[in-house]
Amino acid sequence: MAAARLLYLLNAKAACSTKTLAGAGSSVCFRRNVCSSPSRLQSCMSAWVIDQYGTNEVLRYTEEATIPSVSSASEVLIKVHAAGLNPLDLSMRGGYGAKLLKLRRDPLSVMNSDSEFPLILGRDVSGVVVECGSAVSHFAPGDEVWAAVPPWKQGSLADFVTLTEFEVSHKPKSLSHIEAASIPYVANTALSALVNAGGLCRDSSSNKRVLITGGSGGVGTFSIQLLKAWGAHVTVTCSQNAEGLVRGLGADEVVDYTAGDPAKQLDVMEKFDVILDNVGGETEQWAMGLLKPWSGAKYITLVTPLLFNTDSMGLLDGTVQTGLALQKKAIQSISSRGVFYRWGFYAPDGPALDEVRNLVDAGKILPVVEAHFQFSHVPQGFQKLEQGHARGKTVVRVADDDDDRQAEELVQDVHTETADSEQEVHETAKQN
Ligand SMILES: NC(=O)c1ccc[n+]([C@@H]2O[C@H](COP(=O)([O-])OP(=O)(O)OC[C@H]3O[C@@H](n4cnc5c(N)ncnc54)[C@H](OP(=O)(O)O)[C@@H]3O)[C@@H](O)[C@H]2O)c1
């Protein structure tokens, strides 16, 4: 099904017409607190935005954020029920990656220098589709969906978010929105790293030994479960007080990095086919020696200097220097030990989430929600992230039950209004 969907999307024409449920001129306002003033129709929603980069003080709640519109045939507008927070949100709040992300948003640099503001953070969404572009065939209004919002797009700490059909997937039926919002970003990252960079897949993992460093965080807790579902043997590094958690998720062997040099503890074990490094820093210096030599084994780190370098050196120098550094390490690793050195990156991928949904609904992957916050407490959610020592994920409840009912009524209202306006058009045409 995922392949068919991908094929469809590759062939889909990027026509700009939309099958819009909320017709132009509709008097519906999508605000959390229902909007009554005709002068503020259609365009306002609640969101946490930043207007400049900085610490937690820059987070600002507003009910005047612009509702995103379905601007291409392949887009869907999603009513956000829950949003997941990731370390990237913290970094982006401080301006990390600003130069490269800005280039992605505005490749021709036609916008002014602060064009990204007001910027909405939040990388995971679980919610309900309320509007579809004309070429969207996989989703319909009312569908419950989940997705990871690419960092170059407006995030999910808002009432609504738009994504392309390719980035979205139907949400697992067995999860609440809060639980579902804990998975997409780490799932897309882990799958991209393990499959594209690590060469692993469902059918090729059963005889593989995999080491996950930083196994107790968002990416780690997901990756342990995915790899166990694929039949791999999984070793994890984490703090002593996270051992119960990672063992409960299926880790076969656990190394407490706070109890002594993890390199020494791991060195006495059988060597690994793949290492997924969620910690970075000095780890790569000792981790390469833990891979099976001359066997095509792979070290993949998620902690890469690309965005830091483009921020500090500029886009051209930063990209060139980063590329050269990667090439040097890759050549050194392959020539000295016969192992591959790679970087892993998040990549938006709805069909990959379809596969994850099946594993979740089969009970093979559980959500690991460490904390969740009400929408009014988003700054506290960021403070939680800042403390570090994550044990799974932090999630924000964006819609409450009343909002859910309002959203359902909204879809119905919009249907009725669209039907009414179609009838009006018919009658006017007849009269003419
Ligand atoms: N390249 C990409 O596209 C991409 C995408 C997603 C994430 N990332 C990066 O990947 C990393 C992991 O992401 P995440 O979402 O899983 O982060 P996270 O949720 O913050 O988890 C990090 C985990 O690592 C543990 N940890 C810290 N130092 C450790 C050490 N020396 N050895 C073992 N465990 C250690 C932490 O717990 P304790 O401190 O209590 O041990 C925490 O549980 C982050 O640096 C993130 O920025 C990159």
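The values are calculated or read from the model by the stated rules, or taken from the named source; none is laboratory data. Since this is a predicted model, take the numbers as computed values, not measurements. Cβ sites come from the backbone with ideal geometry, for glycine too, and all protein chains shown count toward neighbours.
Worth pointing out:
- With respect to (1) within 21 Å of residue 194 (Cβ to Cβ); (2) within 25 Å of the chain's Cα centre (by Cα); (3) small (Gly, Ala, Ser), the lone exception for residue 338 is condition (2).
- Among residues of region 243-270, those that are within 21 Å of residue 204 (Cβ to Cβ), touching a helix residue (DSSP H, G or I) at 6+ places or on another chain (Cβ under 6 Å) and not hydrophobic (A, V, I, L, M, F, W, C), counted: 1
- Residue among 315, 306 that is at pLDDT below 95, more than 16 Å from the ligand (Cβ to nearest atom) and not assigned by TED's automatic domain parsing to the domain that holds residue 150: 315
- Residue check, residue 70 assigned by TED's automatic domain parsing to the domain that holds residue 377, touching a strand residue (DSSP E or B) at 6+ places or on another chain (Cβ under 7 Å) and assigned to a loop (DSSP other than H, G, I, E, B): yes
- Filter result for residue 354 (more than 16 Å from the ligand (Cβ to nearest atom), of a type in the set (Asp, Glu), under 21 Å from the mean Cα position of the chain (by Cα) and part of a helix (DSSP H, G or I)): yes
- Set 239, 223: member being out of contact with any Leu (no Cβ under 8 Å at 6 or more places or on another chain) and either within 22 Å of residue 195 (Cα to Cα) or of a type in the set (Ser, Thr, Tyr) (or both): 239
- Those residues of region 178-198 which are surrounded by fewer than 24 Cβ atoms within 10 Å (Cβ to Cβ) and of a type outside the set (A, V, I, L, M, F, W, C), in sequence order: 179, 192, 196
- Here residue 201 meets the list (1) under 29 Å from residue 73 (Cβ atoms); (2) surrounded by fewer than 24 Cβ atoms within 10 Å (Cβ to Cβ); (3) touching a helix residue (DSSP H, G or I) at 6+ places or on another chain (Cβ under 7 Å) almost entirely, failing just condition (1).
- Some residue of region 364-374 being within 15 Å of the ligand (Cβ to nearest atom) and either among the basic types (Lys, Arg) or free of Cβ contacts under 8 Å to residues at least 40 places away in the same chain (or both): yes
- Test: residue 143 is crowded, with 21+ Cβ neighbours inside 10 Å and not assigned by TED's automatic domain parsing to the domain that holds residue 302: no
- Screening residue 389 with (1) more than 16 Å from the ligand (Cβ to nearest atom); (2) under 30 Å from residue 171 (Cβ atoms); (3) part of a loop (DSSP other than H, G, I, E, B) gives one miss only, at (1).
Every residue, every condition in (1) outside the structural domain of residue 195 (by TED's automatic domain parsing); (2) under 23 Å from residue 168 (Cβ atoms); (3) within 16 Å of the ligand (Cβ to nearest atom); (4) modelled with pLDDT of 95 or more, yes or no:
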{"residue": "331", "(1), (2), (3), (4)": "no, no, no, yes"}
{"residue": "350", "(1), (2), (3), (4)": "yes, yes, no, yes"}
{"residue": "358", "(1), (2), (3), (4)": "yes, yes, no, yes"}
{"residue": "382", "(1), (2), (3), (4)": "yes, no, yes, yes"}
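- Which numbered condition residue 237 fails, given (1) of a type in the set (Ser, Thr, Tyr); (2) touching an Asp or Glu at 6+ places or on another chain (Cβ under 6 Å); (3) buried (at least 24 other Cβ atoms within 10 Å of the Cβ): (2)
- Hey, residue 212 within 14 Å of the ligand (Cβ to nearest atom), of a type in the set (A, V, I, L, M), buried (at least 22 other Cβ atoms within 10 Å of the Cβ) and within 24 Å of residue 330 (Cα to Cα) or not: yes
- For region 80-103, the set of residues classified as more than 12 Å from the ligand (Cβ to nearest atom) and under 13 Å from residue 52 (Cα atoms) consists of 93, 94, 95, 98, listed by residue number.
- Answer from 204, 174, 223, 182 - the residue that is out of contact with any Phe, Trp or Tyr (no Cβ under 7 Å at 6 or more places or on another chain) and at pLDDT below 95: 204
- Filter result for residue 88 (surrounded by fewer than 17 Cβ atoms within 10 Å (Cβ to Cβ) and of a type outside the set (Val, Ile, Thr)): no
- Meeting the requirement of 2 or more residues that are within 13 Å of the ligand (Cβ to nearest atom) and at positive phi, no strands (runs of 3 or more DSSP E) wholly within region 230-290 can be named.
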